[in-house]
Structure formats: structure tokens, C-alpha cells
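Below are the C-alpha cells for one structure; questions will follow.
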Amino acid sequence: MTGNDASLLQLKAPAALDAEVSPPGSKSLTNRALLLAALARGRTRLSGLLLADDTQSMRTCLERLGVSIRERDPTTLEVDGCGGTFAPPTGDGPLYAGSAGTVARFLAAVLAAQSAGTREAVELDASPQMRARPMGQLLDALREQGAEIRCLEAEGHLPIAIGPNSPLRGGEVAFSRPASSQIVSAMLLAAGLSEEPMRVILREGTPARPYVEMTIRLLVHFGGFARWESGTVIAVEPRELMARDYAVEPDASSASYFLGLAAIHGGEVAIRGLGSHSLQGDAAFCRVLERMGADVEQTETITRVRGSGRLRGIEVDMGEMPDMALTLAVAALFAEGSTAIRGVEVLRHHETDRIAAATRELRKLGATVEERVDGLLIEPPNAGLKLGVSIDTYDDHRVAMAFSMVGDVAIRDPGCVAKTFPDYFGELERLGMVATTPDRVGP
């Protein structure tokens, strides 16, 4: 069951859990690996890939740019790379990124760094949701490097027309605090195609630094060169990328909801294939649950969380893993004492303003919430949760998945999880959390 066939899905709290859950492949790794394999010379075999809306958007755009992609099984693809230069887009209309920030930002940067095999401009568009997300810092940096980019409607936002371009010049590119780590990653991907080495300077650091680290590791895997010169400077040298087979890890962000269920409701959940050696910063979220009182075991290849029967509120900077802030916010409902989440202002520029959305939904459930510029202060309800309410999801997969952990709620528009985890509610059904007969749903 995917939840895609209903606008409202009634859930119930799980019985004591004893489960090993297999989340799909990482979205972040899948889209980086697809793009780098497409730019490389030779044939790459990618396995363990995520099949979801965001990754399908990347695949479709790459195929329109002349990249041959063959399916060996549902999560394994063979990609024949283009050797650094895409063909002119086939088909009518602009390339379409859907609601995927990784597609919109990464492709914009890579297309700006090459001619795309034509003297014609290439247009890139996206969903209304992605059109509203910031692109200006990236577009300005690319323009400073010599790229020709026109915003076709609002400046700093999609849709855009890219080119005709020559390779980026290289040299220094400086950012004040980027609106998203994807802006930094996009610049690194483009820098690998520049004429000269590039130094990307992060004057005030970057949100979600582990995602930048992930980009560097994937670039190096495919034969590129990128390294930290200091805590705020990344050096990139232009090099031809070469095909390298790659196996994608389970998605750590998706895993967090199942680990959170164990911490909240008791029992045990294990995620195999996701451990301390993960490239994903969100794999460390189990340590946040440990601080709240859950029992945690993490080896190089498995993460296991056991509910201890009691959680406590904590104060934590989630700037290194902002996508986990909503998971923590829902766990905070079940803790003793307040929980303060800071360092996640970047969440105001995602699929929705996640700080504002979390504030509204947490209050529905009876919590006292102070909304801050960069986070939340959450006081769990003294009289117990208001169960049976319906949760608005704002067309945001993370809102839907995080608030499902409550159990006795109804999720509006559950199909929004197709962005990154189409079978999420099928997994909850296997855990006994999908109610067969919905109870009364409150406002």
C-alpha cells in the first residue's frame, strides 16, 4: 500500500516493535551517482538505487540530454556516460526537474559549465514548489564565471535559459552563507568541468555540511579531484570523469522514521546496510535519539534502536542534519521536558517552510511551541497528546513521514511521499500501523 490512492490515511500506534526495515536507496546518493555516471567516460553500473519521483526526474532529464540508461533490474541501471558533454535536448519543451532540488540545482550548474553540444540555449523548469525555492546565489556565481543564464520569470528562480556557454573560467568563487548545501554541491560539480582549477570559498560555512562531503566523495569516486584546503575552502581541479560501478546505501533520512518509532513506542528496529561508515550525515541521527534516552547500537554496517520506555527533552544544533529536525520534533512530543532545536533556518526554503509547518502541526497535537528563526522550542502537552487529529502535509514528504510516527493520526495527502519513498505507508502497514477502519478524525 502506498497511500497514493487516498487523500486521507488513518494510522494507529504500533504494538511493540521487533523489525528489520529496509529503506530504499539514498535519494542524495542516487541523484549524484546518476549525474556523475552520465558525465563520465564509459559504462557505469549503479545498484541499490532509489525509485521515486526525484530520481525519475533526474533520469528523464539525462536521457533527454542523450545519455543511454538501461535497466537491469528495478534498482540497477547501466549508464553510458557522455564524456563530459551532453547532447542537445531531445523532445519538446524545457528540461523538467519536478520538485527535486538536486535535479534543478545540479543540472543548472553542469549545463552552465558546458555548451550542451549546441549553440542554442537550454531551458530548465520545475514544479511550482521548486520554482519558489532559491536559486539566486548559484545563478549569480555561475554568471560571475562567465555563464549566460536568463531567468524567464522571476529573477533568481526557475524557469531559466542556460547558454550558449563556454566552460567556466575557474579561479575563486565565494559564497556568503548559502541558502542550501545543494548550491555548494552544484558549484563543485560544475567546477570539475571548468577550464582552470577552482577554489570555492564558504565565508560563513554551509548548512548541512555532510551533504557537501558526500558530493566530494562521489566526485573522487568517479575520478574527479576535490578536497578541503581549509574548513571554509574547497579546491576542485577539472578532470575527466571515468566510469566506476557504485552501490547506493539505504537512505538514512528515510531510516530515521523507523528508528524514531522504536524510540517513541518501544521495541526494536534495525536498519541493515546503514552504519557508522555511511557517507550520509543523517546516519548519525541515532545518536540524537540516544541522547534522548533510547538504546542505540551502531556498527559499520547496521544501526539498531531500542525504546527504553522513557525519552527526555534535549537541546541540539541540527545544522549538520537539518532534514532530521522534523523527526526530532515529533519525538519531542513524547519526551519529558522541553526540546530546543536550533541551526535549521535552511528548512524555511525547502518543499515548504518546515519550521512553520511543524509549529502548526505540533500545536494541533497539544504541544506548546515557540517558533524561532532557526528552529523550535517544544514543550510536550501536559495533559497528553490530542490524538485522532488530521495532519496537513503541505505537499512535503518529510512532514508526512515525520508526523506519521505519532501513530493515532490521519495523514492528509499521503501520496506526497512518492517524492522519495513511494512505499513508505506500505512499510507502516507491514508494521501494523495502518488502521483498517478509520476512527473519527478531528480538525
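Can you confirm whether Ala435 is touching a strand residue (DSSP E or B) at 6+ places or on another chain (Cβ under 8 Å) and not assigned by TED's automatic domain parsing to the domain that holds Gly309?
Criteria met by Ala435.
Has segment 357-370 got any residue that is in a strand (DSSP E or B), within 19 Å of Tyr394 (Cβ to Cβ), more than 19 Å from the chain's Cα centre (by Cα) and assigned by TED's automatic domain parsing to the domain that holds Val406?
yes
Whether any residue in segment 330-347 is surrounded by fewer than 19 Cβ atoms within 10 Å (Cβ to Cβ), out of contact with any Leu (no Cβ under 6 Å at 6 or more places or on another chain) and part of a helix (DSSP H, G or I) is what I want to check.
yes
Return the only residue of Asp92, Asp54 being of a type in the set (Asp, Glu), at pLDDT below 95 and either assigned by TED's automatic domain parsing to the domain that holds Gly223 or over 23 Å from the mean Cα position of the chain (by Cα) (or both).
Answer to the selection: Asp92.
Would you be able to say whether some residue in segment 64-82 is modelled with pLDDT of 95 or more and under 27 Å from Pro134 (Cα atoms)?
yes
Please verify whether Ala179 is of a type outside the set (Asp, Glu) and touching a residue at least 40 places away in the same chain (Cβ under 8 Å), treating the condition exactly as stated.
yes
While we're looking at this one, here's another question. For segment 141-152, name all the residues that are of a type outside the set (A, V, I, L, M) and in contact with a strand residue (DSSP E or B) (Cβ under 9 Å, 6 or more places away or on another chain).
Scanning segment 141-152 gives Arg143, Glu144, Gln145, Glu148, Arg150, Cys151.
The rows are residues; the columns are (1) surrounded by fewer than 19 Cβ atoms within 10 Å (Cβ to Cβ); (2) out of contact with any Pro (no Cβ under 6 Å at 6 or more places or on another chain); (3) in contact (Cβ under 8 Å) with a residue 12 or more places away in the chain; (4) not in a loop (DSSP other than H, G, I, E, B).
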position	(1), (2), (3), (4)
Gly223	yes, yes, yes, no
Ile234	no, yes, yes, yes
Arg239	yes, yes, yes, no
His277	yes, yes, yes, no
Arg287	yes, yes, no, yes
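Hey, another quick one. Checking Pro88 against (1) in contact (Cβ under 8 Å) with a residue 12 or more places away in the chain; (2) outside any loop (DSSP other than H, G, I, E, B), which test does it fail?
The failed condition is (2).
In segment 298-315, which residues are of a type in the set (A, V, I, L, M, F, W, C) and under 26 Å from Glu249 (Cα atoms)?
Once the filter is applied, which keeps residues that are of a type in the set (A, V, I, L, M, F, W, C) and under 26 Å from Glu249 (Cα atoms), segment 298-315 yields Ile302, Val305.
The values are calculated or read from the model by the stated rules, or taken from the named source; none is laboratory data. All values reported here derive from a predicted model rather than from experimental measurement. As a convention, Cβ positions derive from the backbone with ideal geometry for all residues, glycine included, and neighbour counts pool all protein chains shown.
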